[in-house]
Each structure stands twice: as structure tokens, then as C-alpha cells.
Amino acid sequence: MNRELYEHRASIVKALAHASRLMMVDALTKGERCVCELQEIVGADMSTVSRHLAVLRAAGLVTMRKEGLQVFYSLRCPCINDFLACVDEVVKVDAQQRERLAGMAG
């Protein structure tokens, strides 16, 4: 594979590298959401949520549509959920390993 592909992959992973953006992506795996719903989920002000959504949009992870004054977002590629499930598995295995090591030390 060429360098450009790896750079593009890195930009996608970087876009996911924030807890608030991960929360939004997780919410969007369940279906389309308006910005106000995402704001409530993240617990941040509208400008912060909008900046996070702009990052996700620039990476090609989400799409938006307007309906009157409301803006709705959805995942462009729902398969991102498979990637997040893999990340969850790494977290789980890591936690189990840490637990075993703590048990050996005690």
C-alpha cells in the first residue's frame, strides 16, 4: 500500500481520537440524530459539538442533512461499528490482563 492510503487511514483514526466524538459515533450507530440530541449525549455546548461534527465530517465518517432549521447526522459507513467493537475487545483483554497481573502481585 502507498503512503497516501496510510495517511488517509491516520486521518480517520485521528478523527475518532476524542471521547466526545466516540460518543457521537456510538449514538449514530443506532440511527440518525439531530445536533440537539448529540449535544445532550455529549453534554457540551453547541459550538463544541459542531466542531466535533466538523472533524467527523471532514474525515468522511458522517453525513448531514438539513430539515428546516434542524441538522441531522448519520454515519456514512456503519461498518465503523465493527472497528469500535474491535477496540472494545482490546480494552476488555487489557483489563483482564491487568487484573491477572494485579492478582499475582497481591
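What follows is calculated from the coordinates using simple rules that are stated; it is not laboratory data. None of these values were measured; they are calculated from a predicted model. Cβ coordinates were reconstructed from backbone atoms using ideal geometry, including for glycine residues, and neighbour counts include every protein chain displayed.
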When the charge dipole of the stretch 3-77 is computed with +1 at the Cβ of Lys and Arg and -1 at the Cβ of Asp and Glu, the Cα pointing farthest to the positive end, of SER11, VAL71, VAL55, is that of SER11
As an exercise, identify the trypsin sites (Lys or Arg not before Pro) in the stretch 45-81 lying in DSSP coil whose Cβ has no more than 11 other Cβ atoms within 10 Å. none
Counting Lys +1, Arg +1, Asp -1, Glu -1, what net charge surrounds VAL49 among other residues with beta carbon under 15 Å of its beta carbon? 0
Scanning the chain for helices, which whole DSSP H stretches are 30 Å or more long along the axis (Cα) and average 0.0 or more by Kyte-Doolittle? 80-105
By how many nm would the segment from ALA17 to ASP82 grow when fully extended, if each residue of separation counts as 0.36 nm and the alpha-carbon distance is taken off? 21.8 nm
Give me the net charge for the shell around ALA58: Cβ to Cβ below 11 angstrom, other residues only, Lys and Arg +1, Asp and Glu -1. +3
Rounded to the nearest 20 debye, dipole of the chain from Cβ charges on Lys, Arg, Asp, Glu: 240 debye
Per residue, what volume in Å³ does the convex hull of the Cα atoms of the chain enclose? 139 Å³
Computed P(r) (all Cα pairs; the stretch 9-54; 10 Å bins; percent): 28, 58, 14
